[in-house]
Each structure stands twice: as structure tokens, then as C-alpha cells.
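Here's the structure, in C-alpha cells; my notes come after.
The values are calculated or read from the model by the stated rules, or taken from the named source; none is laboratory data. Here the structure is a predicted model, which is why all the values come from computation and not from measurement. Reconstructed Cβ throughout: ideal geometry from the backbone, glycine too, with neighbour counts over all protein chains shown. The protein model used for the area step is the full one, side chains on, heavy atoms only, and it has no ligands, DNA or RNA in it. Shrake-Rupley method; radii C 1.70, N 1.55, O 1.52, S 1.80 Å.
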Amino acid sequence: KEENSVPENIITYSSYLAVVPGTVLKQLYLDYGSKLLEGNVRSFLSAKGKVNKGIKATIKNYPEMFFAYNNGISSIASDVTIKTSEDGSQRLFITELRNWHIVNGGQTTCTIYNVYKKNKETISRAYVAMKVSELRDTETRNEIVQKIAQSANSQTAIKDSDLNANSTYLLNIDKISKSEWTPAQSFRPNKIWYFERLRGQFLSDKLNEGTSGSNKVRKFLEARPKDMLLSKADIAKVMMSWDGFPYEASKGGELFQCLLEKRLQKC
């Protein structure tokens with residue numbers, strides 16, 4: 001090998017550190033919604049949680065200090081375009097991101113959006129630290145995203161069951177659950193068996209429909225009743241029972257999430 005060659009086990013990438021205005025992050029979430037968090041292991045976990053209440057309080061009471069107090073967001077993109085300012089300051093700006101997803105920082109993003117809906121002026125003085133990792137190799141992309149999620153300095157604890165959220169098997173179930181309705185000849189009006197692949201995904205999608213009590217939110221909830229909400233735990237119970245291990249499925253908790261992961265590796 002050449003003296004300066006890169007070892008085969010080293011994945012090449014580029015990383016950028018940036019400062020994002022809260023208004024820009026809000027607009028991105030407004031435009032793309034929960035799709036922005038598809039690389040995350042969690043979606044929005046409610047504004048009532050201890051950590052998210054703290055994020056919300058900082059934005060409302062000390063927006064100028066948000067950059068210092070908040071851990072910021074980690075994200076990935078397949079391509080990053082940089083431009084130098086034309087005012088002679090040599091400042092660099094990110095002008096385009098392709099296939100951009102937030103891997104760590106979903107709580108920050110959704111909380112900023114949540115505050116914006118109630119107090120539009122507050123977030124204009126808040127800025128967020130952002131790291132963008134440019135990953136051009138599509139074959140290793142999913143593996144790296146999971147590693148980033150595990151390694152990132154998270155503000156909310158990650159459960160073991162969160163880490164298989166982006167497996168191909170669960171992604172396919174998620175896609176089917178969001179597009180297939182119950183049969184028309186069923187005894188009840190058509191509904192959707194909503195599969196919550198990401199923890200907090202249901203609440204995040206509900207927020208995207210509008211303000212609480214609005215007609216769009218009411219219709220969203222009518223079509224997705226809570227008794228038809230499926231979690232990864234529900235999927236794991238069914239899969240393990242079907243495979244002949246009901247005694248394992250009955251243990252519940254994080255244990256059968258590990259069994260599910262082993263099961264997925266065999267698919």
C-alpha cells in the first residue's frame with residue numbers, strides 16, 4: 001500500500017460545524033415534518049418531559065443563551081454545498097444539503113417548533129449548534145447513522161429498543177401501516193393500524209396536523225385510535241410467539257427487543 005493510503009476499515013467522510021437560527025430550523029421542520037427525523041432513533045417525546053420542559057423554558061426565557069445551554073443537533077447528508085460570503089469576511093455558508101436527516105436532536109427541533117406555534121417572536125433570538133456529517137457511501141450509511149445515534153451526547157436516554165428502529169424490516173412495516181386501511185367491509189369505519197417505529201412518532205405526526213382541537217387533528221385521531229396503535233414491543237411479542245417462543249415474549253420489557261434484533265438478523 002502507498003504510505004498515505006487510507007486503511008480499508010476507515011470510512012471517509014466530511015464534517016461541518018454550523019450555527020443554525022431557530023427560525024431556519026423551525027421552517028425546515030414546518031416544510032418536512034417528521035421526515036426530517038427519520039434517521040433519528042426517537043421522535044418527539046412531548047413537551048411535558050423534564051428535559052423538553054427545560055429546552056422550552058430556555059427558548060422562552062433566555063433565547064440568547066440557547067446556543068450555550070443546548071447540546072445542539074447532529075445530522076447527516078449525502079452531499080453538502082458550501083459557499084464563501086461575498087462581503088470579504090471569508091465566512092462560509094451551507095447553501096444546500098442533500099438527503100439531510102437529524103440523527104440526534106429531534107427533541108430540540110420539535111420543541112423549537114412547538115414554542116414557535118405559541119410564541120412566534122421568541123425563537124428569532126435562539127441559535128442552535130449543528131454538526132453535519134457528509135456520508136457519500138450509501139452502503140455504510142445506515143450503520144454509521146446508528147453509531148452516531150449511540151455515540152452522540154444525547155440529552156434524553158436512548159433505550160436498547162430504540163436502536164433497531166431503522167432496520168429494513170421495521171421500516172417496511174412502518175410504510176405499510178401508514179398506507180393500508182382496515183377493510184371496507186369491516187364492522188367499523190376504516191381506520192389505520194398505526195405502527196410507532198420511533199418512540200414519540202405518533203405525537204410528532206399529530207403535531208404536524210396543526211393545533212390541538214383543530215378539525216385536522218380531530219380527523220387524524222379518529223382515523224388512528226389509540227387501541228390500534230402498535231409499538232415495537234407489540235411487533236416483537238407477535239413475532240416471538242409465532243416463532244414458538246411465547247414464554248420469551250411474555251417476559252416483556254427490553255429483553256424481547258434484543259430477541260427481536262436477533263430475529264431480524266435471520267430475515
*At least 3 residues that are at pLDDT 80 or above in each: list the helices (runs of 4 or more DSSP H) lying fully within segment 226-267 that qualify.*
232-242
_Here's a check for you: in segment 206-246, which residue that is of a type in the set (Phe, Trp, Tyr) and over 19 Å from residue 189 (Cβ atoms) is nearest to the chain's Cα centre (by Cα)?_
242
_Take residue 35 and tell me if it is open to solvent by 90 Å² or more (accessible area, probe 1.4 Å), modelled with pLDDT under 85, in a helix (DSSP H, G or I) and more than 12 Å from residue 112 (Cα to Cα)._
yes
*Members of segment 89-134 that are of a type in the set (A, V, I, L, M, F, W, C) and either assigned to a strand (DSSP E or B) or open to solvent by 10 Å² or more (accessible area, probe 1.4 Å) (or both)*: 92, 93, 94, 97, 100, 102, 103, 128, 129, 130, 132
*State whether the residues of segment 68-82 include one that is over 29 Å from residue 162 (Cβ atoms), in a strand (DSSP E or B), of a type outside the set (S, T, N, Q) and modelled with pLDDT of 85 or more.*
yes
*In segment 51-88, which residues are aromatic (Phe, Trp, Tyr) and either touching a residue at least 40 places away in the same chain (Cβ under 8 Å) or open to solvent by less than 100 Å² (accessible area, probe 1.4 Å) (or both)?*
66, 67
*Return the residue satisfying two criteria in turn: it lies in segment 163-191 and is assigned to a helix (DSSP H, G or I) and modelled with pLDDT under 75, and of such residues it is surrounded by the most Cβ atoms within 10 Å (Cβ to Cβ).*
164
